[in-house]
Structures are given as C-alpha cells and as structure tokens.
Amino acid sequence: QDQLTESGGDSVQSGESLRLSCVASGFAFNLYAMGWFRRGPGKQREMVALIGTSENTEYADSVKGRFTISRDNAKNTVYLDMNDLKPEDTATYLCNVVIILKNYWGQGTQVTVSS
C-alpha cells in the first residue's frame, strides 16, 4: 500500500525555522517526483515545492529563498526546510506523489506561525 507520513509540524514564532519530513513506503521512492503542498485556513490547497528524480526543484513564489526541498532516496524521505517563517505560512502541509496519474497524499502536519 502506497503511504506517505509527514512529521515535523509545530507552533513557532515569526522568523523561526522548521524542518518537515515525509517518509514514503509501498513504492519505488527514487523513481518518482515528490511534492509539498499546503492548505491554509480558509484557503485552497497550493503547491509549495516540488523535487524531481534528478533533484531538480520548483518553488512557489511565496516561499522562494526561504524554503528548501530535498530528498534522501536511501531513507525514502523528502524534506522541507522552512526558514524565516511568516504568519501567512500557517497551514497544514501535505506530502504528495503522483503514481500512474493518481495522487497520493499524507495525512498532513500542522504548521502555525504567530507574529
């Protein structure tokens, strides 16, 4: 069974940092691009960062220069390093993989940033 499990969310102050982790199981992790998305209060889900199998990356404009996505294929894990967090980063962060045109999501991890 394909599974994604996120962790690392917390309540922090503006300007602080967090590292989110997503451990994957049930599929050949190294063969798939991975993504982090988020859903803020009253907002639609949005892409935060993507990383391809060649470790090419893509970021939402709102997080460029502050967030870094990375992957460790030996650990089947994708990370999201978040620096200089802002209140508008408050959201549930979700890990994503698309396998044969089907989206798989983790349960999410909550990040709350207070000013």
task = For the chain, set up a Gaussian network in which alpha carbons nearer than 10 Å are linked by springs, and say which option among Tyr59, Tyr32, Tyr79 fluctuates the most.
result = Tyr32
remark   = Computed over the chain, the distribution of all Cα-Cα distances in 5 Å bins, rounded to whole %, is 2, 13, 24, 26, 19, 10, 5, 1, 0
task = Normalising by the residue count of the chain, find the relative contact order in percent from Cα pairs under 8 Å and 6+ residues apart.
result = 36
task = Between beta-carbons, use under 15 Å as the cut-off and find the net charge around Ala91, counting Lys and Arg +1, Asp and Glu -1.
result = +1
ask   = To the nearest 10 square angstrom, how much accessible area does Glu58 have with a 1.4 angstrom probe?
value = 100
task = Could you calculate the contour length gain from Ala60 to Thr112, that is, 0.36 nm times the residue separation minus the distance between their Cα atoms, to one decimal place in nm?
result = 16.8 nm
message = Leaving out ligands and nucleic acids, and using a 1.4 Å probe, what accessible area per residue does the chain come to in Å²?
response = 53
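The values are calculated or read from the model by the stated rules, or taken from the named source; none is laboratory data. Because the structure is predicted, anything quoted here is derived from the model rather than measured. Note that we place each Cβ from the backbone using ideal geometry, even for glycine, and neighbour counts take in every protein chain shown. These accessible areas exclude ligands, DNA and RNA; they are computed on the full protein's heavy atoms, side chains included. Shrake-Rupley method; radii C 1.70, N 1.55, O 1.52, S 1.80 Å.
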